[in-house]
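In what follows, a single structure is set out as structure tokens and then discussed.
The values are calculated or read from the model by the stated rules, or taken from the named source; none is laboratory data. This is a predicted model, so every value here is computed, not measured. When we count neighbours, we look across all protein chains shown, and the Cβ atoms used for this are built from the backbone with ideal geometry, even at glycine.
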Amino acid sequence: MNAASSPTAALDSILDDWRSRHRHWSLLEVFLPASQRHQAICLFAWYEAIDSATFEIRDDAVALAKLRWWREDLTLAVSGQARHPLLQSGLPAVALSAEPWIAVVEAASSLRIRAVRPANLRESWQTIQPLAAAQVGVESALWGGSADNDWRCADLLLARLRRHSAEHAERSLLPLDLCARHALSVESVDPGSDDPLQRRWQQDWVAALGHELRDTPAARARASTLWSVATRLHLRALADPQRRQDITPLGWVWHAWRALRRTSGV
């Protein structure tokens, strides 16, 4: 591999890894304009990089150093000197204005510093809301559409459940009252378990998240609407034991089409 091709190869590797963990996206992105498909997957991969630094690095100093690195790289991206492949060639729009992107990193850094263990769902929601609002701000800057933070809050909290492990349980944002009600500690929560107690806990948490989401359509950008479809379907599958099987490809496509019809996504 020569020096000129290495950033592209690195970006391809990052995006291939992301696609391997989000196979449903290939069914949803067909509803996007061709010009937005690459941009959308790069953005969502970048979100996961920030998410990992915020929640899944055990050492606070290391986590905050990584987030500072991302902030510096966003500043460098404005002058075309970004170091990370996602900012070098995946998200050139950063060069137009880095402010919305920096807001995401700052919200993540603030959340990491606080490192709260929420007492209830309302505290979980309030804790994640600044990060959700910052992400929605990036999407609005890129694609337009209305600001709608609720579904993004639910998505971020759902990601904490799906990627939960005892190793970083103190930053999982799982509500303590819910764990106490089911006689589980946050550290002992196991989303992949078939134990009835674990299943009941999970269904209770996911149902609570679902209640927080508004049913009224919002005119989000198309990519945001499609990602919210994935959030709702994952929530539904986790909340209902009868629907734990994989959603069919036709099901993904139908729900995406229906959501876009309802929201008139940009």
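Taken together, LEU86, LEU32, LEU67 contain a single residue that is of a type outside the set (Phe, Trp, Tyr), under 19 Å from the mean Cα position of the chain (by Cα) and either more than 27 Å from HIS164 (Cβ to Cβ) or loosely packed, with under 15 Cβ neighbours inside 10 Å (or both), which is LEU32. Checking each residue in the range 50-63 for being in contact (Cβ under 8 Å) with a residue 12 or more places away in the chain and either charged (D, E, K, R) or under 16 Å from ALA103 (Cβ atoms) (or both) picks out ILE50, ASP51, ALA53, THR54, GLU56, ARG58, ASP60.
Residues of the range 65-102 that are in contact with a helix residue (DSSP H, G or I) (Cβ under 7 Å, 6 or more places away or on another chain), within 17 Å of ALA53 (Cβ to Cβ) and not hydrophobic (A, V, I, L, M, F, W, C): LYS66, ARG71, ASP73, ARG83, HIS84, PRO85.
Given the criterion modelled with pLDDT under 95, charged (D, E, K, R) and closer than 28 Å to ARG112 by Cα, identify the matching residue among ARG68, ARG83, ARG23, ARG19.
Going through ARG68, ARG83, ARG23, ARG19 in turn, the sole match is ARG83.
ARG23 fulfils the conditions (1) assigned to a helix (DSSP H, G or I); (2) of a type outside the set (Ser, Thr, Tyr); (3) surrounded by fewer than 17 Cβ atoms within 10 Å (Cβ to Cβ) except for a single criterion, (1). Tell me whether the range 120-128 contains one or more residues that are within 25 Å of ALA154 (Cα to Cα), of a type in the set (S, T, N, Q) and either surrounded by 15 or more Cβ atoms within 10 Å (Cβ to Cβ) or assigned by TED's automatic domain parsing to the domain that holds ARG222 (or both). Yes, the range 120-128 contains at least one residue that is within 25 Å of ALA154 (Cα to Cα), of a type in the set (S, T, N, Q) and either surrounded by 15 or more Cβ atoms within 10 Å (Cβ to Cβ) or assigned by TED's automatic domain parsing to the domain that holds ARG222 (or both).
Taking the criterion of being modelled with pLDDT under 85 and either part of a helix (DSSP H, G or I) or of a type in the set (Lys, Arg) (or both), the residues of the range 212-234 that qualify are GLU212, ARG214, ARG220.
Hey, does the range 51-58 have a residue that's within 14 Å of LEU142 (Cα to Cα) and of a type in the set (Phe, Trp, Tyr)? It would help to see each step written out before you state the result.
Here is the first cut: in the range 51-58, the residues within 14 Å of LEU142 (Cα to Cα) are none.
Within the range 51-58, none of the residues are within 14 Å of LEU142 (Cα to Cα) and of a type in the set (Phe, Trp, Tyr).
For the condition small (Gly, Ala, Ser) and touching a Pro at 6+ places or on another chain (Cβ under 7 Å), what is the one hit in ALA141, ALA159? Show your work before the answer.
Values: ALA159 fails: touching a Pro at 6+ places or on another chain (Cβ under 7 Å).
Just a single option satisfies the conditions, and that option is ALA141.
Scanning the range 89-101 for residues that are within 19 Å of the chain's Cα centre (by Cα) and either of a type outside the set (A, V, I, L, M) or surrounded by fewer than 17 Cβ atoms within 10 Å (Cβ to Cβ) (or both) turns up GLY90, PRO100, TRP101.
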